[in-house]
Amino acid sequence: MEVPKDQIATLLEHGLYNSAQMLGCFLVSSPAAIAESVPHLKTESLVLLGDCFFREREYRRAIHSYKQALQYYKMIPKQNMTSRGSLTLNRSSSPNSCNGSVINENEVKFKIASSHCFLNENKAALVEMEGIPNKARNLAMNLLLGKLYRVSRHSRAAVAIYKECIRHCPYILEAITALAELGSTAKDIISLFPQTPNRSGRAPFDHTDSSRWLQRYVEAQCCMASNDYKGGLELFADLLQRFPNNTHLLLEMAKVEAIIGKNDEAIMNFEKARSIDPYIITYMDEYAMLLKLKSDYPKLNKLVHDLLNIDPARPEVFVALSVLWERKDEKKSLQYAEQSIRIDERHIPGYIMKGNLLLTMKRAEAAVSAFRAAQELRPDIRSYQGLVHTYLALSKIKEALYASREAMKAMPQSAKALKLVGDVHASNSSGREKAKKFYESALRLEPGYLGAALALAELHVIEGRNGDAVSLLERYLKDWADDSLHVKLAQVFAATNMLQEALSHYQAALRLNTQNEAAKRGLERLEKQMKGVDPDAPEEDEDNDVEDADGDQDETELL
């Protein structure tokens, strides 16, 4: 043959993909490959060219070449196949290699499916993967199929495939996480670990202390999936003691701490992970959200700049861009959030960011859809918070109450879930006594939860108990130097015409956080008050009662 196939294989093995691609064009157009009498040469040549395109990330061209190869493969007389050697996509022996076959048809289909996945064409990818017989699938094929079933919401099929992966290799951590999120218990997952050698030669799983960490990891992921964040964090912390400076564990802990509001701890773990590996992108959008909450815009700017230099095509980068642009241009920020979802339709922070932006932009109905999408992927407190606040903005009190009770039942040990129910009751005058009980329950469960303390203080103010509000906030200020506490105290003092005290607390808030917009606006209002001008006219609250006797009974039991 004029162009030797083994030279293209050599170029691919050495990572010289562009050179291999150019040589591949000569290979498929050579007279020997074109001749209809030798379709096996054309088949092999097209697979090699497809490999070149795949490695160069030209996935459309790869799919086209692979599919052409399969067409020519069908034209090869079966009696001719037995005289030829096998050519597989990875140039190595494979359990799927058919001795005597020109190519490995199943691996070509796997490459086609992988290309479709990179193009976010999951339905087409699933069709290709389902064309591979069960017995012919290797571990990588099963893992991709499990992901595709999960994306397609075929949960039962996904669980079966992931379990098969774990039976073959218990150390596939992404399969463990997926099974936990799909509802499997830690006991179920650990029972899949190989116990004795089998026909495939798999070694039995080592259940001694040296491998106990994997079982702990399974338990931690199952805790996370069942919203037992406290238990999960404790298990991750134990694992981190055994594997110090483990960036995966640091990121997992930081993500959970961000979700449950332990912002300082989350920031510390994110920064520690970045100090170990400055090129990490995973969960960096969560870190960006925390930096914005802290109004640390210099760090946020640097983070986004770093991420763009590492890989500008990742969904985390677009969420981080969305966070950065939120205060400058909400429409552009929304476009970035939507782009993150287009890149990965299962990227939860993208939906959370989109929902919050739509709520701010007074597009509450669209915000509901975004938060629902996040919740369907994996319900956590943020999606519940988004739904409740959006329903309240739409004056859909019953829907808000239902969503908050869902959160409370899903996370009975979550102070944030209790506060959500309180927020709904506080939205109408007849439910304020109930709201007070929920806020107090949240503070008993988590004394350091400032969100509940601020909400309770606001309730005191609404009902004219300004003294109680001041006492509560000052008690918290002794232990937590937080700008939001100073702002709330300033607002209470301003409402009771104690203007100097209000001024002092607004200034204290701005010393702690120079970017606190509420403190800036409060100072402007205070100037008007000092000039004897009423900053705004009082508004009468409209009662929006909700009668739900069964719900009340459920709440009493949960409280």
> Of the listed peptides 364-374, 150-160, what is their order by residue-averaged count of other C-beta atoms within 10 Å, with the highest listed first?
Replying inline: 364-374, 150-160
> Nearest 0.05, what FRET efficiency do E234 and S19 give at R0 = 51 Å with Cβ-Cβ as r?
Replying inline: 0.45
> Residue separation times 0.36 nm, minus the C-alpha to C-alpha distance between Y171 and K328: what's the value?
Replying inline: 52.0 nm
> If you plug each phi of the stretch 512-528 into the Karplus form 6.51 cos²θ - 1.76 cosθ + 1.60 with θ = phi - 60°, what whole-Hz ³J(HN,Hα) values come out, in order, with x for Gly and Pro?
Replying inline: 6, 8, 5, 9, 5, 5, 5, 5, 5, 5, x, 5, 5, 5, 5, 4, 5
>> Quick query: amide H of I103 versus all other amide H atoms, modeled in the peptide plane; which residues come in under 5 Å with a sequence gap of 5 or more or a different chain?
In response: L87
>> Could you compute the net charge surrounding V470? Neighbours are other residues with a C-beta less than 15 Å from the C-beta of V470; K and R count +1, D and E count -1.
In response: -1
> Among the lysines in the stretch 280-370, how many pairs, 8 or more places apart or on different chains, have alpha carbons under 13 Å apart?
Replying inline: 6
>> Once R0 is set to 25 Å, what does the formula 1/(1 + (r/R0)^6) return for the Cβ-Cβ distance between S211 and F118, expressed as a FRET efficiency to the nearest 0.05?
In response: 0.15
>> Just to be sure I understand the model, the point goes 7 Å from the Cα along the line to the Cβ. What's the resulting A9 to S471 distance in nm?
In response: 8.4
> Nearest 0.05, what FRET efficiency do N134 and S29 give at R0 = 30 Å with Cβ-Cβ as r?
Replying inline: 0.20
>> Just to confirm a number: summing +1 for Lys and Arg and -1 for Asp and Glu over residues other than I132 whose beta-carbon lies under 14 angstrom from that of I132, what do you get?
In response: -1
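Read-outs: derived from the displayed coordinates by stated rules, not from any lab. This is a predicted model, so every value here is computed, not measured. All Cβ positions, even for glycine, are placed from backbone atoms using ideal geometry, and neighbour counts span all protein chains on display.
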